[in-house]
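Below is one structure, written out as structure tokens, with a few remarks after it.
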Amino acid sequence: MKTKAFYIPILMLLNDVMISIPKPGMLILQPELTFESIRILGFSFAGAIRLFGMPLLILVILDSIEMRRLRKSVIPLLVPIVGLLGILVFQFLAIPRDAVPTHSTGVIRYISWALGFIALLSTLNVKNSVKVHHICAATLTTLFFLLIVQYPGVIANSGYSLTTIMQAYGSDTLKLDGIFAAANEDANGAMTLLPFFLAYTEQQSGIKKSLLRIFALTITPLMILFNGTRTALFIIYPLVLFLFYSNLSIKTLLKYLPVLITLGIIIRSVGATIAQTAFSSEAQGEGTFGWRVEKVWAPAFAYGSEISPFFGFGVRGWEYVCNHAGVLNASGECESPHNIYLWLFISWGLVGLVVHLLFLLLLLLYSFRLAKFPNREIAIYAKASFCSLIAYLFWASISNANIDVAWLILILIASSVAALSIVSHAQKLQKSLSQL
């Protein structure tokens, strides 16, 4: 294959992002419009495209191995993904027999994403890495913009007045959602994407830069306010701004760590007071932290630890455990985990959880190191990646970051980090040679 083989995985990734948005119809005020209702040969539209694209991805990987194109600087990022592929296949033998059918119906997407990431990184070189980074950054920036600008339409389509929306703030009686199909996912997804919009903003100049800053610093918090998700507004948003606009270094982080801990304690205590007063309707019954720990996390963790602790119950293991351990809400439906780490433990077991955490740690280390690189564009987008990963860690801890589009956002961030790593490595090498 020619050098342009990298277009195969990157275009498949972009296509996957598009078809994985839960409610794309919200952009034209048609919430019923989704891609999941379209079926091809018994598969969903998204599943069919993934299945038919997998042979192409395998060919790209085999060709890259044969041509020895793989760059050493990105090999550590591939290790967890190759490990994940092994886990997904081995689970057919390791998980309980009655969990295999559900595993087989959901595993295609994860294998496709893993193969796509491996194929993309195996084709990266100095020349196309710049293009890949620009494509990933532009996609993440566009997603953020779409999440924010849809909200006037979401409010108008809801049929509620602004007064009604604000009166319901902090309760579960009214929460607006857009293209990510849930208020929490909209808000936390926007916070994860925000740093790439900030990076794009800082690359501009003049009136354009000023207008984009106003958009990020005023319109964005307003969207989260109307959305009703408090953690994103009061914790993640200010933290992302602080990290992005500060001098990102170990010294800086250690310097401000006591301040951040103090603020966290204050926010937690104030939040508890607020929950008992203004948000008393949400502080009772289902949806509270205490209820989730007692009725969802504890029984699911206990069941997983006893029955299949190392390799879980497959990619749809959460549904399996919901039914077997009675993790159901008042309507008798499977209750969402609201914590991806527990979801990973149940779905992929302790081995899969460790692999995922290793991948996140590597991405944090790569992006943190690149944020100090002399090249301004590399440094600013590496800092954006680091901030996005921090926001993603919050999303993963408090909400359902296991939706398809959240996985794809993480893959886009990882692809951008890998591309920046290759470019920075080449620039370092060029500088060393010029000094000889």
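The values are calculated or read from the model by the stated rules, or taken from the named source; none is laboratory data. It should be emphasised that the depicted structure is a prediction, and the values quoted were computed from it without experimental measurement. Every residue, glycine as well, gets a Cβ built from its backbone with ideal geometry; the counts of neighbours run over all protein chains shown.
Tabulated data for the structure shown
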{"read-out": "From the options I65, I118, I81, I148, residue that is modelled with pLDDT under 95, aliphatic (A, V, I, L, M) and under 23 Å from A5 (Cβ atoms)", "value": "I65"}
{"read-out": "Residue match in the range 270-292 (condition: of a type in the set (A, V, I, L, M, F, W, C) and either touching a Pro at 6+ places or on another chain (Cβ under 8 Å) or modelled with pLDDT of 65 or more (or both))", "value": "yes"}
{"read-out": "Leading residue by the ranking (modelled with the lowest pLDDT) among those in the range 1-37 that are of a type in the set (V, I, T) and outside any loop (DSSP other than H, G, I, E, B)", "value": "T3"}
{"read-out": "Meets criteria (surrounded by fewer than 18 Cβ atoms within 10 Å (Cβ to Cβ), aliphatic (A, V, I, L, M) and touching a helix residue (DSSP H, G or I) at 6+ places or on another chain (Cβ under 8 Å)) for V74", "value": "no"}
{"read-out": "Members of the range 362-417 that are outside any helix (DSSP H, G or I) and either in contact with a His (Cβ under 7 Å, 6 or more places away or on another chain) or under 15 Å from L243 (Cβ atoms) (or both)", "value": "A371, K372, S399, N400"}
{"read-out": "Test: residue in the range 390-400 that is over 24 Å from I340 (Cα atoms) and among the β-branched types (V, I, T)", "value": "no"}
{"read-out": "The range 328-344 residues that are part of a strand (DSSP E or B), paired with ones that are among the β-branched types (V, I, T) (beta carbon under 7 Å, 6 or more apart)", "value": "C334/V327"}
{"read-out": "Total residues in the range 68-78, condition part of a helix (DSSP H, G or I) and either of a type in the set (K, R) or in contact (Cβ under 8 Å) with a residue 24 or more places away in the chain (or both)", "value": "6"}
{"read-out": "From S129, S112, residue being crowded, with 19+ Cβ neighbours inside 10 Å, over 24 Å from A187 (Cα atoms) and over 21 Å from the mean Cα position of the chain (by Cα)", "value": "S129"}
